[in-house]
Amino acid sequence: MEFRRLGIDGAFEVRNVVHADDRGEFAEWFRFDKIAAETGYSFPVRQANISRSSRGVVRGIHFCQVPPGQAKLVTCMTGTIFDVVVDLRVDSPTFGQWEGVELRSSDRNAVLLPVGVGHAFVALEDDTTVCYLVSDVFTPDKEFGVHPLDADLAIDFGVDADELLLSPKDQAAPSLSEALAEGLLPHVNDLEPVK
């Protein structure tokens, strides 16, 4: 495992070693001890999610109320996604900024997101399967979103806008400025470290 720090504080791309031969392949994509040693996070897995998407499907930008919030480790099991980390932490030096990483099933790479940031991705191929481990369970009344096509964020998903497919929930999500005005966004001082 190799960790590459992203431009959003606390977020990392995790590059995993794939061992391949004529039988297939093997990759270790989660090690709590290596995550703790490299990032300082003690990452408790409280829930694991799987989603399958067609090309052009956008999921997110999602985030959870803090505390406790949710840290995530995201990987692509089949297909390819463009994974996006958005800093939604008010008072963060990178507030409102985003960074994207292409996750390919052939690379077995992953993205580690800290508590308080938003997460989104777009499927770049049909039948794309994404698996993510999270540090707390899903609680519907603590789950929020920001519109993934917010012009102020200007996220370039790498897919023509007319090809993007959003859920009704994501279509109805507020813009970043509306979420800020509504007091939905986490403040840096409210964040608790993942334990």
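Worth pointing out:
- Among PRO148, PRO68, PRO114, the largest mean-square fluctuation in a Gaussian network model of the chain (Cα springs under 10 Å) belongs to PRO68.
- Calculated accessible area for the chain comes out at 49 Å² per residue, all protein chains present (probe 1.4 Å; ligands, DNA, RNA ignored).
- Couplings 3J(HN,Hα) for region 79-86, derived from phi with the Karplus relation 6.51 cos²θ - 1.76 cosθ + 1.60 (θ = phi - 60°), are x, 8, 10, 9, 9, 10, 9, 10 Hz, where x marks Gly and Pro.
- About the Cα centre, charge dipole magnitude for region 52-153 (Lys/Arg +1, Asp/Glu -1 at Cβ), debye: 240
- C-alpha center-to-center spacing [region 41-74, region 147-195] in angstrom: 14
- Across q = 0.11, 0.17, 0.21 Å⁻¹, region 33-186 modelled as identical point scatterers on its alpha-carbon atoms has Debye log10 I(q)/I(0) values of -0.40, -1.00, -1.51, in the order of the q list.
- Percent antiparallel among DSSP beta bridges (both partners in region 40-195, rounded to 5): 95
- Gyration tensor (alpha-carbon) shape descriptor, region 99-149, a/c threshold 1.5: prolate
- Within the full protein context, the accessible area of THR139 is estimated at about 50 Å² for a probe radius of 1.4 Å.
- Among CYS131, CYS76, CYS64, residue whose mean-square fluctuation peaks in a GNM of the chain (springs only between Cα atoms under 10 Å): CYS131
- Protein accessible area in region 123-195, 1.4 Å probe - carbon and sulfur %: 51
- Prolate/oblate/rounded label for region 1-87 (Cα gyration tensor, a/c 1.5): oblate
- The phi-based Karplus calculation (6.51 cos²θ - 1.76 cosθ + 1.60; θ = phi - 60°) puts the 3J(HN,Hα) values of region 107-124 at 8, 6, 7, 8, 10, 9, 10, x, 4, x, 9, x, 9, 8, 7, 10, 7, 9 Hz, whole numbers, x for Gly and Pro.
- Remark: the Cα gyration tensor places region 111-195 in the oblate category, a/c being 1.5 or greater and a/b not exceeding b/c.
- The chymotrypsin sites (Phe, Trp or Tyr not before Pro) of region 103-165 that DSSP puts in a loop, and whose beta carbon has at most 15 other beta carbons within 10 Å, are PHE138.
- Between SER175 and HIS147, the built amide H atoms are under 5 Å apart, and every one of these is 5 or more places off in sequence or on another chain.
- Cβ-based charge dipole, region 19-161, positive-most Cα from PHE157, ASN49, THR78: ASN49
- Rounded to whole Hz, the Karplus (6.51, -1.76, 1.60) HN-Hα couplings of region 145-155, x for glycine and proline: x, 10, 4, x, 9, 4, 4, 5, 6, 6, 6
- Comparing mean-square fluctuations of VAL18, VAL58, VAL115 from a GNM of the chain with C-alpha springs under 10 Å, the top value falls on VAL18.
The values are calculated or read from the model by the stated rules, or taken from the named source; none is laboratory data. None of these values were measured; they are calculated from a predicted model. Every residue, glycine as well, gets a Cβ built from its backbone with ideal geometry; the counts of neighbours run over all protein chains shown. Only protein heavy atoms, including side chains, enter the accessible area calculation; ligands, DNA and RNA are left aside. Shrake-Rupley method; radii C 1.70, N 1.55, O 1.52, S 1.80 Å.
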